[in-house]
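The values are calculated or read from the model by the stated rules, or taken from the named source; none is laboratory data. What you see is a predicted model; the values in this text were computed from it and never measured. Positions of Cβ are generated from backbone atoms using ideal geometry, with glycine treated the same way; all protein chains shown enter the neighbour counts. Surface accessibility is based on the protein's heavy atoms, side chains included, excluding ligands, DNA and RNA. Shrake-Rupley method; radii C 1.70, N 1.55, O 1.52, S 1.80 Å.
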Amino acid sequence: MNRCFELAERGRGATRSNPLVGALLVYNDKIVAEGFHAFYGGSHAEVNCINSLTNKELLGESTLYVSLEPCNFPGKTPACTDYILNHGLKKVVIGCADYNPRVRNQGIEHLRSQEIEVMNLDWQEKQKSLNIRFFINQTQNEPYFIGKLAMSRDGYIGRKRERVKITAPEIDVISHKIRSEVDAVLVGRTTWEIDKPSLKARMYHADIQPDIIVLNHDEKLSITIEDGRQIHFVSGEEPKALKKSLFDLGYKNILVEGGGEVFQFFSSHELFHEVLWIENQDLVLESGIEAPKLNHADYSLIEQKRYFNHILSYHKRNDLSTI
Ligand code: AOF
Ligand code: ZN
């Protein structure tokens, strides 16, 4: 099962709102096939795993291990439970039940009703840390919010009415990787109008560029630009309504990129699930817009690293482990 979780990791960044899932087949105490969910809309881990086994005659005597409960409904792909049944498998070991209410325990029950032996290891913690975004979407019905903020060594995030570059290009690669893994990037109206940011994952491979959400606009408006991205201008709302309207627009993972007031709003209402705080140690601005505060009672530092003389501090919301 640990190997299944390892395989699942290979889909990171490409499965969008879908969970990371890994699977393998064991025959005679040996792993004979492996697979993982590689991209959004693509076939599921179990299917890829079964398909990669050349000698299909082994299936009846093999045990399928999969990190997440097999799905029991046709979505973008047919139901995995049917695939398992049609291939004559008899034993399935799963890491954890699916968080998706359309699947939860029903995949297990269906397989059992068809005389398949199913063992659920119920590795809740491991599953949650692997698929925290999917977990939040499915159980809280809200987008997973990532905050990102960059400041100078003396604590400024920019200057008023002027675009100031805070981070080095090497660090932008990291930011663009995060952009490539979300479905929308959110900024405040001032940042949108003064910085005119592209908000694209230019320096990192992205199959689909994230849409744009501009907050604090007077009127609601959605437009599609030449490259196919959508821009939604949304008005400022109280936190609960904002979460709901963004989720209703279909966004599951949102990167909040500023400016200071937007960041402060998300931080003080504990809307962020995780935050990346970047400090450029080579840059001193002496004046400008002071960096907002991250409420350290609500967020914990989980990792810190130095990269091209920038300090990258990764934070997680404290209550994530208890939801
Ligand atoms: C599995 N194995 O590898 C994954 C599962 O639209 P679809 O067809 O891709 O279905 C998406 C749902 O299927 C998703 O919400 C989750 O419940 C489950 N994901 N299930 O058996 C997999 N990725
Ligand atoms: Zn499936």
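For TYR83, are the conditions met, namely being assigned by TED's automatic domain parsing to the domain that holds THR15, near ligand 2 (Cβ under 9 Å from one of its atoms) and open to solvent by 50 Å² or more (accessible area, probe 1.4 Å)? So TYR83 passes the test.
With the structure loaded, tell me whether ALA23 is among the hydrophobic types (A, V, I, L, M, F, W, C) and within 23 Å of ASN253 (Cβ to Cβ) or whether it fails that test. No, not satisfied. Of all residues in region 54-76, those being touching a His at 6+ places or on another chain (Cβ under 6 Å) and part of a loop (DSSP other than H, G, I, E, B) number 1.
Here region 280-323 is the region considered, the condition is being within 30 Å of THR139 (Cα to Cα) and of a type in the set (A, V, I, L, M), and the residue that is modelled with the lowest pLDDT is ILE323.
In this structure, is ALA33 open to solvent by less than 10 Å² (accessible area, probe 1.4 Å) and either within 11 Å of ligand 2 (Cβ to nearest atom) or within 30 Å of ALA184 (Cβ to Cβ) (or both)? Taking the combined requirement at face value, the residue does not satisfy it. Taking each residue of region 38-54 that is closer than 19 Å to LYS91 by Cα and looking for partners that are basic (Lys, Arg) and open to solvent by 50 Å² or more (accessible area, probe 1.4 Å) with beta-carbon atoms closer than 9 Å, six or more apart or interchain, yields ILE50/LYS56. Looking at this structure, is ALA8 surrounded by 16 or more Cβ atoms within 10 Å (Cβ to Cβ) and at pLDDT below 95? Taking the combined requirement at face value, the residue does not satisfy it. Checking region 51-72 against the condition returns no match, with no residue being more than 20 Å from GLU9 (Cβ to Cβ), open to solvent by less than 30 Å² (accessible area, probe 1.4 Å), touching a Ser or Thr at 6+ places or on another chain (Cβ under 8 Å) and among the polar types (S, T, N, Q). Applying the criterion of at least 3 residues that are open to solvent by less than 40 Å² (accessible area, probe 1.4 Å), among the hydrophobic types (A, V, I, L, M, F, W, C) and more than 16 Å from ligand 2 (Cβ to nearest atom) to the strands (runs of 3 or more DSSP E) found wholly in region 101-197 leaves 144-152, 184-188. Just name the residue that is nearest to LEU20 (Cα to Cα) out of those in region 86-100 that are within 13 Å of ligand 2 (Cβ to nearest atom) and in contact with a strand residue (DSSP E or B) (Cβ under 6 Å, 6 or more places away or on another chain). Only one residue tops the list, namely ILE94.
Exactly one residue out of GLU69, GLU6 is under 23 Å from GLN124 (Cβ atoms), charged (D, E, K, R) and within 16 Å of ligand 2 (Cβ to nearest atom), and it is GLU69. Of ASN48, ASN18, all but one fail to be open to solvent by 30 Å² or more (accessible area, probe 1.4 Å), within 12 Å of ligand 2 (Cβ to nearest atom), under 30 Å from ALA206 (Cβ atoms) and not in a loop (DSSP other than H, G, I, E, B); the exception is ASN48.
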